[in-house]
Amino acid sequence: MLNNEYHRLLKRQLRKANLNLLANPDFAIFLNSVNDAYNSFDKDVKHVENILEESSKELFVANQKLRNERDVSKTKLENLIDNVKGVIFETDLNGNFTFLNTAWEEYSGFTIENSIGKSFKDFLKGISIEGNKEFSALFSKDNKYIEFIFHKEKEGKLMWFELKCKLIKGHDGLSKGFTGIMVDITNLKSTEIELHKASKSKDEFLSTMSHEIRTPLNAVTGLTNILLMEDHLPEQVINLKALKYSGEHLLGLINDLLDFDKIKSGKMKVNEKVFSLNNFLENIKSHFVLRTQQKGIEFDIINENQLPNNIIGDKLKLTQIINNLLSNALKFTATGSIIIKIKNLGISHNKINLQFKVIDTGIGIPQERQGSIFESFMQANSETSVKYGGTGLGLSITKKLLNLQGSDLNVESEEDKGSNFSFQITYKVTNRLNLYEPEMVKIQTDYEPLNMNVLVAEDNKMNVLIMERFLEKWKVNYKIAFNGKEALEYIQNSEVDFNLVLMDLQMPELNGYQTAEIIRSLEDETKANLPIIALTAFAQTDIKEKTKLHKMDGFMGKPFNPRVLYELLKKYSNKPNIVKVT
């Protein structure tokens, strides 16, 4: 018989065992102990259940809170992503979109639903994508701008985007796809295109105007030089020299404007070569000593210590810098002297630091104006340009040429007591002890006759007249072709061997470049290799490259310096067995 006070589980076990508790009283003691254990276990379980229930309530509250925070964060993130002006995207490794924000719909007119799963290639324009080329191939330096064609209201709208992209990797370290952003730069790109067009138009305008001004200027300076070479009355000398000065001055103004534009557009580069510093200084002295003597001014070049003979640097730019400073000094100095001082400041790591000073006793510059004289189109005061002329670009160009070579221009000046312009510039040293350089072009009044044949391809009658007068003076045999087609006929059909072709670049029928190209392709090797020198009044910065590209042997600007042209002709006059042009 079971004790009704026993635990339910114990009662169940005793019932199954069918034990007679009265037969063995010792069982009662044992069963009471087991019953107590069951009751104690129930209390423990109930306690644990109470704890679990309380914990569950707390976890439920915490979970609800986390869900609410998650939902709020998700809403904020979605709002943030959807309000970003750029397109945020994800793709798989093949470039198929897996995520797009709402900016995509705004820019493209395509729904996100219809765009997900499609390849980026379906929306690209202007880029050739080969086969299954990876999406990452788009993000090279060469593809900064990606062109998309978007269709809004059935009208195509070309847009430019700048893309930034990052590879996504999974927990296993394997690549999954790409995530990135596309920023609309259509306005920026459109502005860039307009600026490029404006810059191109400006270059074309400058080039055209330069050509239109230089062509008649070539006639003015050319005829003046011819008149000075011929017999003239003594009283005409002053007028002819004034005419020559005016023409050269106008040419200088044009060159200043073109140099200024070239520097400003970043098209001017440093071209380093070995040159003789001693020959450079001798050339400077020979050119300026006559000009200063005519004005009654003392001119000298002083080496303050030992200078190397040969250095490596941009001789042309150094010449332009010194010429600008000397011309500036000569303009503003009526009496006294102009002196150049050069000093070796030391050699280190195969580089030499040179200091140049151009000191004059001219009108000087007021202290308050010294900061502005290096600005473009600026002069010391409003009366300066009226009294002395000039563009106000000389010092600005000089400073920019020095800046281009890591140097700068400094000035010390006092009004009515002269000016001292100085700069330090670093050149490379060379181990070459001897360097061949052509002799300086001397100012010549008597020219030796040149036994040579020259073909002049020129369509401007005034330029032809000038060229004929010089060639006749120098006893040069010549033929005139008024266009490229005539020039080719002379070269192909004439029995005369020409030493040289002086080729204008702007001609009817065939221009100079086209004509040179045909000449170089002739079957007759002698005629195909005929030296060609371009004569041009154009001022594009790429003339030198263009003439090289079309295999010309050089170029000369118009108006040309008669002495330089003579030396050029003399260089090509050594061909034997000359048959005179008839």
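The values are calculated or read from the model by the stated rules, or taken from the named source; none is laboratory data. Just so it is clear, the model here is predicted, and its values are computed rather than measured. Heads up, the Cβs are rebuilt from the backbone with ideal geometry, glycines too, and the neighbour counts pull from every protein chain shown. Side chains included, ligands, DNA and RNA excluded: accessible areas come from the protein's heavy atoms. Shrake-Rupley method; radii C 1.70, N 1.55, O 1.52, S 1.80 Å.
Step by step: first the residues of region 402-432, then only those that are free of Cβ contacts under 8 Å to residues at least 40 places away in the same chain, of a type outside the set (Gly, Ala, Ser) and closer than 29 Å to Thr333 by Cα, then the one that is least open to solvent (accessible area, probe 1.4 Å). Which residue is that?
Per the criteria, the residue is Leu409.
Check region 64-87 and report whether any residue there is farther than 30 Å from Tyr6 by Cβ, open to solvent by less than 60 Å² (accessible area, probe 1.4 Å), assigned to a loop (DSSP other than H, G, I, E, B) and at pLDDT below 85.
Yes, region 64-87 contains a residue that is farther than 30 Å from Tyr6 by Cβ, open to solvent by less than 60 Å² (accessible area, probe 1.4 Å), assigned to a loop (DSSP other than H, G, I, E, B) and at pLDDT below 85.
If I filter region 329-363 down to residues being over 11 Å from Asn420 (Cβ atoms) and of a type in the set (S, T, N, Q), which single residue comes out as least open to solvent (accessible area, probe 1.4 Å)?
Among those residues, the one meeting the criterion is Thr333.
Give me a count of the residues in region 374-421 that are at pLDDT 75 or above, assigned to a helix (DSSP H, G or I) and among the charged types (D, E, K, R).
Residues flagged as at pLDDT 75 or above, assigned to a helix (DSSP H, G or I) and among the charged types (D, E, K, R) within region 374-421 amount to 2.
Taking region 314-373, which residues are hydroxyl-bearing (Ser, Thr, Tyr), at pLDDT 85 or above and within 16 Å of Ser413 (Cα to Cα)?
Those that are hydroxyl-bearing (Ser, Thr, Tyr), at pLDDT 85 or above and within 16 Å of Ser413 (Cα to Cα): Thr333, Ser337, Thr361.
Confirm whether Leu253 is open to solvent by 50 Å² or more (accessible area, probe 1.4 Å), closer than 30 Å to Thr215 by Cβ, at pLDDT below 80 and aliphatic (A, V, I, L, M).
Details: open to solvent by 50 Å² or more (accessible area, probe 1.4 Å): no; closer than 30 Å to Thr215 by Cβ: yes; at pLDDT below 80: yes; aliphatic (A, V, I, L, M): yes.
No, not satisfied.
Within region 489-541, which residues are outside any loop (DSSP other than H, G, I, E, B), closer than 20 Å to Phe555 by Cβ and among the hydroxyl-bearing types (Ser, Thr, Tyr)?
Matches in region 489-541: Tyr513, Thr515, Thr536.
Please go through region 273-313 and give me each residue that is open to solvent by less than 20 Å² (accessible area, probe 1.4 Å) and either modelled with pLDDT under 90 or part of a helix (DSSP H, G or I) (or both), ordered by number.
Residues satisfying the conditions are Phe275, Ser276, Leu277, Phe280, Leu281, Ile284, Phe288, Thr292, Asn310.
Here are some conditions: (1) part of a helix (DSSP H, G or I); (2) at pLDDT below 85; (3) surrounded by 23 or more Cβ atoms within 10 Å (Cβ to Cβ). Pro559 meets all but one. Which one does it not meet?
(1)
Scanning region 500-524 for residues that are under 25 Å from Leu450 (Cα atoms) and more than 33 Å from the chain's Cα centre (by Cα), which turns out surrounded by the most Cβ atoms within 10 Å (Cβ to Cβ)?
Val501
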